[in-house]
1. Of all the accessible heavy-atom surface of the chain, with the other protein chains kept in place and a 1.4 Å probe, what percent is carbon and sulfur?
2. For region 1-96, with every protein chain kept in place, what is the accessible area per residue (1.4 Å probe, Å²)?
3. Please report how far the C-alpha centroid of region 1-79 lies from that of region 95-136, rounded to the nearest whole angstrom.
4. Rounded, prolate or oblate: which fits the chain, taking a ≥ b ≥ c as square roots of the Cα gyration tensor eigenvalues, rounded meaning a/c under 1.5, else prolate when a/b beats b/c?
5. GNM, the chain, Cα, under 10 Å: largest mean-square fluctuation among 54, 14, 62?
6. If I build a Gaussian network model for the chain, linking alpha-carbon pairs within less than 10 angstrom, which residue out of 48, 19, 65 has the largest mean-square fluctuation?
7. Which angle from 0 to 90°, rounded to the nearest 10, does the C-alpha axis of helix 109-127 make with the longest principal axis of the chain?
8. Which whole-number percent gives the relative contact order of the chain, counting Cα pairs below 8 Å spaced six or more residues apart?
Amino acid sequence: MTLEITDEVLRKCGGGSSEYWFSYNDYSIKNISDFNAEDKPENMGQIEYYVSLGIIPFIHIGNEEMLRAFVREKGSEKLINSLRAVKSEDFMDKFWKCYNVYPELSEGIDDFAQSYIAKKLCAWCDENNISYELKI
(Lines give C-alpha, C1' and ligand atoms only; values in the text may rest on other atoms or scores of the structure.)
Protein backbone atom coordinates (compact mmCIF):
# COMPACT_ATOMS: atom_id res chain seq x y z
CA MET A 1 0.00 0.00 0.00
CA THR A 2 0.97 3.60 -0.55
CA LEU A 3 -0.12 6.81 1.14
CA GLU A 4 -1.09 9.32 -1.52
CA ILE A 5 0.01 12.75 -0.34
CA THR A 6 -2.58 15.17 -1.66
CA ASP A 7 -3.57 18.70 -0.68
CA GLU A 8 -6.21 17.20 1.60
CA VAL A 9 -3.61 15.07 3.38
CA LEU A 10 -1.37 18.12 3.80
CA ARG A 11 -4.25 20.03 5.40
CA LYS A 12 -4.63 17.25 7.97
CA CYS A 13 -1.09 17.72 9.25
CA GLY A 14 -0.99 21.50 9.24
CA GLY A 15 -2.24 23.79 11.95
CA GLY A 16 -0.80 21.77 14.80
CA SER A 17 -3.86 19.64 15.39
CA SER A 18 -3.39 16.17 16.83
CA GLU A 19 -6.87 14.96 15.95
CA TYR A 20 -5.71 12.80 13.03
CA TRP A 21 -4.21 9.32 13.21
CA PHE A 22 -2.65 7.11 10.54
CA SER A 23 -3.76 3.51 10.06
CA TYR A 24 -1.20 0.98 8.85
CA ASN A 25 -4.10 -1.37 8.10
CA ASP A 26 -5.50 0.63 5.18
CA TYR A 27 -3.06 3.56 4.87
CA SER A 28 -5.78 6.04 5.68
CA ILE A 29 -5.81 9.09 7.89
CA LYS A 30 -8.72 9.18 10.27
CA ASN A 31 -10.07 11.52 12.88
CA ILE A 32 -9.53 10.24 16.41
CA SER A 33 -13.29 10.49 16.99
CA ASP A 34 -13.81 7.77 14.33
CA PHE A 35 -12.24 5.11 16.56
CA ASN A 36 -14.15 3.09 19.10
CA ALA A 37 -12.25 3.02 22.36
CA GLU A 38 -14.86 0.95 24.20
CA ASP A 39 -13.08 -2.29 23.31
CA LYS A 40 -9.87 -1.12 25.01
CA PRO A 41 -8.72 -3.43 27.81
CA GLU A 42 -8.87 -1.80 31.23
CA ASN A 43 -5.16 -2.32 31.87
CA MET A 44 -4.11 -0.54 28.68
CA GLY A 45 -3.74 3.18 27.97
CA GLN A 46 -5.59 4.84 25.09
CA ILE A 47 -2.52 5.48 22.92
CA GLU A 48 -1.09 2.04 23.66
CA TYR A 49 -4.40 0.53 22.55
CA TYR A 50 -4.46 2.43 19.28
CA VAL A 51 -0.85 1.53 18.53
CA SER A 52 -1.71 -2.14 19.18
CA LEU A 53 -4.37 -1.80 16.46
CA GLY A 54 -1.84 -0.43 13.96
CA ILE A 55 -2.88 3.19 14.40
CA ILE A 56 -0.34 5.90 15.17
CA PRO A 57 -0.68 9.65 15.70
CA PHE A 58 -0.43 11.46 12.39
CA ILE A 59 2.18 14.17 12.08
CA HIS A 60 1.03 17.61 13.10
CA ILE A 61 2.93 20.75 12.24
CA GLY A 62 2.10 23.88 14.16
CA ASN A 63 1.57 27.23 12.50
CA GLU A 64 4.36 28.73 14.59
CA GLU A 65 6.84 26.09 13.44
CA MET A 66 6.00 26.69 9.79
CA LEU A 67 6.05 30.49 10.11
CA ARG A 68 9.40 30.48 11.93
CA ALA A 69 10.82 28.36 9.08
CA PHE A 70 9.32 30.82 6.57
CA VAL A 71 11.03 33.73 8.32
CA ARG A 72 14.36 31.86 8.36
CA GLU A 73 14.10 31.26 4.61
CA LYS A 74 12.62 34.55 3.40
CA GLY A 75 13.49 37.13 6.04
CA SER A 76 16.39 39.55 6.26
CA GLU A 77 19.00 38.94 8.92
CA LYS A 78 17.54 41.80 10.97
CA LEU A 79 14.04 40.30 10.82
CA ILE A 80 15.26 36.77 11.55
CA ASN A 81 17.16 37.94 14.63
CA SER A 82 14.23 40.06 15.79
CA LEU A 83 11.69 37.23 15.57
CA ARG A 84 14.06 34.59 16.93
CA ALA A 85 13.87 36.29 20.33
CA VAL A 86 10.06 36.37 20.41
CA LYS A 87 8.47 33.93 22.86
CA SER A 88 6.03 31.34 21.60
CA GLU A 89 2.98 32.94 23.17
CA ASP A 90 3.72 36.24 21.39
CA PHE A 91 5.05 34.94 18.10
CA MET A 92 1.89 34.76 15.98
CA ASP A 93 0.87 38.34 16.78
CA LYS A 94 4.40 39.65 16.16
CA PHE A 95 4.74 37.69 12.92
CA TRP A 96 1.54 39.13 11.41
CA LYS A 97 2.59 42.64 12.37
CA CYS A 98 5.91 42.06 10.59
CA TYR A 99 4.13 40.43 7.65
CA ASN A 100 2.40 43.73 6.91
CA VAL A 101 5.62 45.76 7.17
CA TYR A 102 8.42 43.66 5.65
CA PRO A 103 8.14 43.17 1.88
CA GLU A 104 10.10 39.91 1.91
CA LEU A 105 7.29 38.28 3.89
CA SER A 106 4.48 39.47 1.65
CA GLU A 107 4.83 36.84 -1.07
CA GLY A 108 5.08 33.10 -1.30
CA ILE A 109 3.78 32.08 2.09
CA ASP A 110 1.19 29.63 0.71
CA ASP A 111 3.68 27.91 -1.60
CA PHE A 112 6.25 27.78 1.19
CA ALA A 113 3.72 26.29 3.62
CA GLN A 114 2.73 23.55 1.16
CA SER A 115 6.35 22.69 0.40
CA TYR A 116 7.43 22.79 4.06
CA ILE A 117 4.58 20.58 5.23
CA ALA A 118 5.12 18.15 2.34
CA LYS A 119 8.83 17.79 3.19
CA LYS A 120 8.07 17.23 6.87
CA LEU A 121 5.37 14.69 5.99
CA CYS A 122 7.71 12.77 3.66
CA ALA A 123 10.35 12.64 6.41
CA TRP A 124 7.69 11.42 8.86
CA CYS A 125 6.65 8.69 6.41
CA ASP A 126 10.28 7.60 6.02
CA GLU A 127 10.73 7.47 9.81
CA ASN A 128 7.61 5.34 10.19
CA ASN A 129 8.27 3.02 7.22
CA ILE A 130 5.24 4.27 5.29
CA SER A 131 5.49 4.18 1.52
CA TYR A 132 4.10 7.31 -0.07
CA GLU A 133 3.59 9.09 -3.36
CA LEU A 134 3.38 12.86 -3.78
CA LYS A 135 0.24 13.85 -5.67
CA ILE A 136 0.45 17.62 -5.28
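1. C and S fraction of accessible area: 46 percent.
2. Working: 5720 Å² over 96 residues.
That works out to 60 Å² for each residue.
3. Each part's Cα centre sits 15 Å from the other's.
4. Numbers: a/c = 3.12, a/b = 1.94, b/c = 1.61.
Verdict is prolate for the chain.
5. 54
6. Comparing 48, 19, 65 in a Gaussian network model of the chain, the most mobile one is 48.
7. Its long axis makes an angle of about 40 degrees.
8. Values: 136 pairs, mean separation 49.5, N = 136.
For the chain, the relative contact order is 36 percent.
The values are calculated or read from the model by the stated rules, or taken from the named source; none is laboratory data. All figures in this text were calculated on a predicted structure; none of them were measured in a lab. Ideal geometry is used to build each Cβ from the backbone, glycine not excepted, and the neighbour counts take in all protein chains shown. Accessible surface areas use protein heavy atoms only, side chains included; no ligands, DNA or RNA. Shrake-Rupley method; radii C 1.70, N 1.55, O 1.52, S 1.80 Å.
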